[in-house]
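Please read the structure below before turning to the comments.
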Amino acid sequence: MSKIVLSIGGSLLNPGKPDLPYIRQTCSLLEKLKKLHTIAIVTGGGSSARTYANAIRSLSNNEFIADEAGISSTKQNSYLLIACLKDSAYPKVPDTFEDAAHALLTGKIVVMGGTIPGITTDADASLLAEKINADRVINLSNVDAIYDSDPRKNKNAKKFPRLSFSELVELATSNDQRKAGTHFIFDLLGCKIIARSKIETHFVNGKNLTDVENAINGKKHNGTIVCD
Ligand code: UTP
């Protein structure tokens, strides 16, 4: 049995309101794969995190409070999966990595959100993977792979089927220095954690459930694999 950490972008689960058909399809795949793997999931905050962060910035200009509200949004999205997975899921969202590791011993799928202000769920997924010695991390987003530039803006953007850990950190670092509004697929802290522990990481389009299944099973897919 492999240990898998799945990081699901909030915009997949809740692009404005919860995407119930997508949540149901994803959960039925996860119920099938639970027989083969130990699965831990980290859910992102999506549009509700951004709405609250913007409102809080207008009211108090306090980034710490904005982050705390963002963490609540990530946890609300966790409960969407817990509700849909029913008995296959651990019933509570763990607040810490230790609690998540403990909950995984029940054999259930564990779903968590954010942990502390100042980071994002990309870093949470990487830290959870370190904590539980995961075999691989699978990052589900709206983008089907890592490219050398934004494929929505540049039709000649080159897809990377494979990257080394140092190449991933290099790409995340150069994107981190770009002007505001650009956003690398995985945050720099998360990339550095994956690289320091050499955790194989797969980037796939979360809407392509064939690719999601192949990535979870460690098979070839149309996304990017980061490994040594
Ligand atoms: P996300 O991880 O969804 O951030 O957490 P994001 O950068 O908006 O992700 P994408 O763009 O959907 O991929 C939502 C917000 O919750 C707070 C941060 O403010 C983050 O932007 N957060 C999340 C924390 O402060 N700590 C955490 O551990 C997780």
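The values are calculated or read from the model by the stated rules, or taken from the named source; none is laboratory data. Just so you know, these numbers come straight off a predicted model, no measurement behind them. A quick note on method: Cβ atoms are made from the backbone with ideal geometry, for glycine too, and the neighbour counts reach across all protein chains shown. What goes into the accessible areas is simple: the full protein's heavy atoms, side chains included, and nothing from ligands, DNA or RNA. Shrake-Rupley method; radii C 1.70, N 1.55, O 1.52, S 1.80 Å.
Scanning region 123-137 for residues that are touching a residue at least 60 places away in the same chain (Cβ under 8 Å) and more than 7 Å from Val5 (Cα to Cα) yields a count of 9.
Condition check ((1) at pLDDT below 95; (2) within 16 Å of the ligand (Cβ to nearest atom); (3) on the phi < 0 side of the Ramachandran plot; (4) out of contact with any Leu (no Cβ under 8 Å at 6 or more places or on another chain)) across all residues:
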site	(1), (2), (3), (4)
Leu33	no, no, yes, yes
Ile39	no, no, yes, no
Thr43	no, yes, yes, no
Ser47	yes, yes, yes, yes
Ile65	no, yes, yes, yes
Thr74	no, yes, yes, yes
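If we scan region 197-206, do we find a residue that is in a loop (DSSP other than H, G, I, E, B) and free of Cβ contacts under 8 Å to residues at least 24 places away in the same chain? No. Just name the residue that is farthest from the ligand (Cβ to nearest atom) out of those in region 184-196 that are part of a helix (DSSP H, G or I) and of a type outside the set (D, E, K, R). Selected residue: Ala195. Ile109 - would you say it is over 14 Å from the mean Cα position of the chain (by Cα) and crowded, with 19+ Cβ neighbours inside 10 Å? Criteria met by Ile109. Residues in region 72-98 that are open to solvent by 80 Å² or more (accessible area, probe 1.4 Å) and in a helix (DSSP H, G or I): Gln76, Tyr79, Lys86, Asp87, Glu98. Residues of region 48-71 that are in contact (Cβ under 8 Å) with a residue 24 or more places away in the chain and open to solvent by 40 Å² or more (accessible area, probe 1.4 Å): Glu63, Phe64, Asp67, Glu68. A count restricted to region 120-153 and to residues that are at pLDDT 95 or above and surrounded by fewer than 16 Cβ atoms within 10 Å (Cβ to Cβ) stands at 1. Among the residues making up region 6-18, those that are within 14 Å of the ligand (Cβ to nearest atom) and either among the β-branched types (Val, Ile, Thr) or part of a loop (DSSP other than H, G, I, E, B) (or both) are Ile8, Gly9, Asn14, Pro15, Gly16.
Could you tell me whether any residue of region 99-106 is without any contact (Cβ under 8 Å) to a residue 40 or more places away in the chain, touching a Ser or Thr at 6+ places or on another chain (Cβ under 6 Å) and open to solvent by less than 10 Å² (accessible area, probe 1.4 Å)? No: region 99-106 contains no residue that is without any contact (Cβ under 8 Å) to a residue 40 or more places away in the chain, touching a Ser or Thr at 6+ places or on another chain (Cβ under 6 Å) and open to solvent by less than 10 Å² (accessible area, probe 1.4 Å). Does Lys92 fit the bill of being within 11 Å of the ligand (Cβ to nearest atom) and without any contact (Cβ under 8 Å) to a residue 40 or more places away in the chain? When the stated conditions are applied, Lys92 does not pass them.
Answer with yes or no whether Ala215 is open to solvent by less than 80 Å² (accessible area, probe 1.4 Å), of a type outside the set (Val, Ile, Thr), outside any loop (DSSP other than H, G, I, E, B) and in contact with a His (Cβ under 6 Å, 6 or more places away or on another chain). Yes: the conditions hold for Ala215.
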